[in-house]
1. Kindly establish whether residue B:27 is within 26 Å of residue A:8 (Cα to Cα), open to solvent by 40 Å² or more (accessible area, probe 1.4 Å) and in a loop (DSSP other than H, G, I, E, B).
2. Only one of these conditions is not met by residue A:52: (1) within 11 Å of another protein chain (Cβ to nearest Cβ); (2) closer than 22 Å to residue B:107 by Cβ; (3) over 14 Å from the mean Cα position of the chain (by Cα). Which number is it?
3. What residue, among those in the range A:94-109 that are under 13 Å from the mean Cα position of the chain (by Cα) and in a strand (DSSP E or B), is farthest from the other protein chains (Cβ to nearest Cβ)?
4. What about residue A:43, is it at positive phi and touching a Phe, Trp or Tyr at 6+ places or on another chain (Cβ under 9 Å)?
5. Just checking, how many residues over the range A:66-93 are of a type in the set (A, V, I, L, M, F, W, C) and more than 13 Å from the chain's Cα centre (by Cα)?
6. Mind counting the residues in the range A:11-28 that are surrounded by fewer than 19 Cβ atoms within 10 Å (Cβ to Cβ), in contact (Cβ under 8 Å) with a residue 40 or more places away in the chain and either within 11 Å of chain B (Cβ to nearest Cβ) or not charged (D, E, K, R) (or both)?
7. Go through (1) surrounded by fewer than 16 Cβ atoms within 10 Å (Cβ to Cβ); (2) touching a strand residue (DSSP E or B) at 6+ places or on another chain (Cβ under 6 Å); (3) within 14 Å of chain A (Cβ to nearest Cβ) one by one and return the number of the condition residue B:46 breaks.
Amino acid sequence: SQKIEQNSEALNIQEGKTATLTCNYTNYSPAYLQWYRQDPGRGPVFLLLIRENEKEKRKERLKVTFDTTLKQSLFHITASQPADSATYLCAPNNNDMRFGAGTRLTVKP
Amino acid sequence: DAGITQSPRHKVTETGTPVTLRCHQTENHRYMYWYRQDPGHGLRLIHYSYGVKDTDKGEVSDGYSVSRSKTEDFLLTLESATSSQTSVYFCAISQGLAGGPSSYNEQFFGPGTRLTVL
């Protein structure tokens, strides 16, 4: 069956460092992969979408990679700030919408 | 939040009672979705709609029904609530593409409804 794993439930880093979050998927080949941010008590907010034929995409301090051979996406936040603290969800999909369970990032001052 | 409201925001009910959650959008987006979010499981799709009166099942549709009689409203009904349906329910919308609940377009999520079934 299709499976999505965000292999860290929680990640703690120091302000200014680069945070790297991992999303692995098995038993299917998604055409697209999205990343969302979710703050406590709120709905997810879309951040980035990357297609299977794109290796990397950037938006301000965010960078996403998509490796279809490894079946993995990496999500990087450079120069992290305490305001980046949130849960980040990946969603590798074709015509359905499945999400990973998320990684809770805490950036300490 | 991109013109999406959910009501009620909180509800406590008893096992066996019917419950209806409402999602209302002002964006005129074609696609609407209902998810539930539980610790350790992430977001799971219950049902989605790709137009007025056009709906389809998602990953965890058992025990739930939906209706969409107007573009702006998408209702989720728990026909006979059970404790396993205690969860946070999110509605989402997207512009979408023809042929499925396309993941190509970003989804905009509502604020959520916290439902407790005792």
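1. Details: within 26 Å of residue A:8 (Cα to Cα): no; open to solvent by 40 Å² or more (accessible area, probe 1.4 Å): yes; in a loop (DSSP other than H, G, I, E, B): yes.
No, not satisfied.
2. Evaluating residue A:52 over (1) within 11 Å of another protein chain (Cβ to nearest Cβ); (2) closer than 22 Å to residue B:107 by Cβ; (3) over 14 Å from the mean Cα position of the chain (by Cα) leaves (1) as the failure.
3. Ranking the qualifying residues of the range A:94-109, first place goes to A:105.
4. Working: at positive phi: no; touching a Phe, Trp or Tyr at 6+ places or on another chain (Cβ under 9 Å): yes.
Against the criterion (at positive phi and touching a Phe, Trp or Tyr at 6+ places or on another chain (Cβ under 9 Å)), residue A:43 does not qualify.
5. Residues of the range A:66-93 of a type in the set (A, V, I, L, M, F, W, C): A:66, A:70, A:74-75, A:77, A:79, A:83, A:86, A:89-91.
Still in the running and more than 13 Å from the chain's Cα centre (by Cα): A:70, A:79, A:83.
So the answer is 3.
6. Filtering the range A:11-28 for residues surrounded by fewer than 19 Cβ atoms within 10 Å (Cβ to Cβ) gives A:11-18, A:20, A:22, A:24, A:26-28.
So of that shortlist, the ones also in contact (Cβ under 8 Å) with a residue 40 or more places away in the chain come out as A:11-18, A:20, A:22, A:24, A:26, A:28.
With either within 11 Å of chain B (Cβ to nearest Cβ) or not charged (D, E, K, R) (or both) added as a condition, the list becomes A:11-14, A:16, A:18, A:20, A:22, A:24, A:26, A:28.
The total comes to 11.
7. Exception for residue B:46: condition (1).
The values are calculated or read from the model by the stated rules, or taken from the named source; none is laboratory data. Predicted model only: the values in this text are computed from it and were never measured. Please note: Cβ atoms are built from the backbone with ideal geometry, for glycine as well, and neighbour counts cover all protein chains shown. Quick note on the areas: whole protein, heavy atoms, side chains included, nothing else; ligands and nucleic acids left out. Shrake-Rupley method; radii C 1.70, N 1.55, O 1.52, S 1.80 Å.
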